[in-house]
1. Is one or more of the residues making up region 222-232 under 30 Å from residue 178 (Cα atoms) and either within 16 Å of ligand 1 (Cβ to nearest atom) or over 39 Å from the mean Cα position of the chain (by Cα) (or both)?
2. Condition check: surrounded by fewer than 17 Cβ atoms within 10 Å (Cβ to Cβ) and more than 17 Å from the chain's Cα centre (by Cα). Does residue 177 satisfy that?
3. Could you list, in sequence order, the residues of region 106-141 that are away from ligand 1 (no atom under 16 Å from the Cβ) and touching a helix residue (DSSP H, G or I) at 6+ places or on another chain (Cβ under 8 Å)?
4. Out of the residues in region 18-71 that are assigned to a loop (DSSP other than H, G, I, E, B) and under 24 Å from the mean Cα position of the chain (by Cα), state the one that is farthest from residue 210 (Cα to Cα).
5. Within region 161-176, is there a residue that is under 22 Å from residue 136 (Cα atoms), in a loop (DSSP other than H, G, I, E, B), more than 16 Å from ligand 2 (Cβ to nearest atom) and modelled with pLDDT of 85 or more?
6. What number of residues in region 176-185 are under 15 Å from residue 158 (Cα atoms), in contact with a helix residue (DSSP H, G or I) (Cβ under 8 Å, 6 or more places away or on another chain) and within 16 Å of ligand 1 (Cβ to nearest atom)?
7. Is one or more of the residues making up region 220-232 in contact (Cβ under 8 Å) with a residue 60 or more places away in the chain and in contact with a strand residue (DSSP E or B) (Cβ under 6 Å, 6 or more places away or on another chain)?
8. With respect to residue 157, determine if the residue is within 26 Å of residue 51 (Cα to Cα) and within 16 Å of ligand 1 (Cβ to nearest atom).
Ligand code: UDP
Ligand code: MG
């Protein structure tokens, strides 16, 4: 099997407007880096616009383009997994379709990889243009909370934009989980990984496909996938609550013996409300883990491929 020197893997959801420019910029960058010996793997994640037709056209015009059509929208992380399964390059660049991550950085990332003998060069966002303060603030908070709770050190402010060697990718693809937080999984794999600072550009066209709901889901996948600390919080919390109840007990006893009437309704309600919300919170957390366990136990394919345009050398581990 021929392994091209470089595979560029791009998950796409409703990116019709960006695809021609994406192809032009990615293929110019790839050509500058490795000449013709590359492939561009575009994954259509059930787009509702003309992305798939645009990809087929690109693949017909450029034989280095492989277009993969998933059976429906499987979500960013699974679309990316499909592309990574099916690519065959010796080095793999993962990049977003919206050109927020400049493909031109490939040259510098490859140079850094060669210089440091690294297996992964991950791009760290120094600045994020054109994103709302809400997105930036929640993203910054997310990466910091994640860093506190996880056992695997996951780099801060790092998305999926990265360059990997084949051995790092093969290690990544050996991880079978359904709930995939790929940037964390890459960190878990180990080998030598180095940061590469860059300024994140504005989206070329269209709008973010990561509204709040999807961000929360990704965050929960990240936390539950890399840490069981939240399950332990319940026992820590119980110690704190036990201490509080002891204090309360002393207070009530003092009230009783000093002949004061125990004051009633407000404080009782407060305790009931606070405790029940804590209980619900802990129950919900257990539910998050349990639900994921259930989904993992079903062992469904991660994604399903409907069509492929162009020459594929890699293999879909599942579902094709
Ligand atoms: N994406 C995808 N499937 C989805 C949502 C997004 O393949 O269900 C792709 C999207 O086309 C883009 C990348 O994932 O290439 C990142 O999405 P987006 O730019 O919307 O996220 P943001 O940069 O706003 O976090
Ligand atoms: Mg984006």
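The values are calculated or read from the model by the stated rules, or taken from the named source; none is laboratory data. Quantities reported herein were computed from a predicted structural model and do not represent experimental measurements. Note that we place each Cβ from the backbone using ideal geometry, even for glycine, and neighbour counts take in every protein chain shown.
1. There is at least one residue in region 222-232 that is under 30 Å from residue 178 (Cα atoms) and either within 16 Å of ligand 1 (Cβ to nearest atom) or over 39 Å from the mean Cα position of the chain (by Cα) (or both).
2. No: the conditions fail for residue 177.
3. Hits for region 106-141 are 106, 107, 110, 118, 119, 120, 121.
4. The residue in question is 71.
5. no
6. The number of residues fulfilling the criteria is 3.
7. Looking for residues that are in contact (Cβ under 8 Å) with a residue 60 or more places away in the chain and in contact with a strand residue (DSSP E or B) (Cβ under 6 Å, 6 or more places away or on another chain), one finds none in region 220-232, hence no.
8. When the stated conditions are applied, residue 157 does not pass them.
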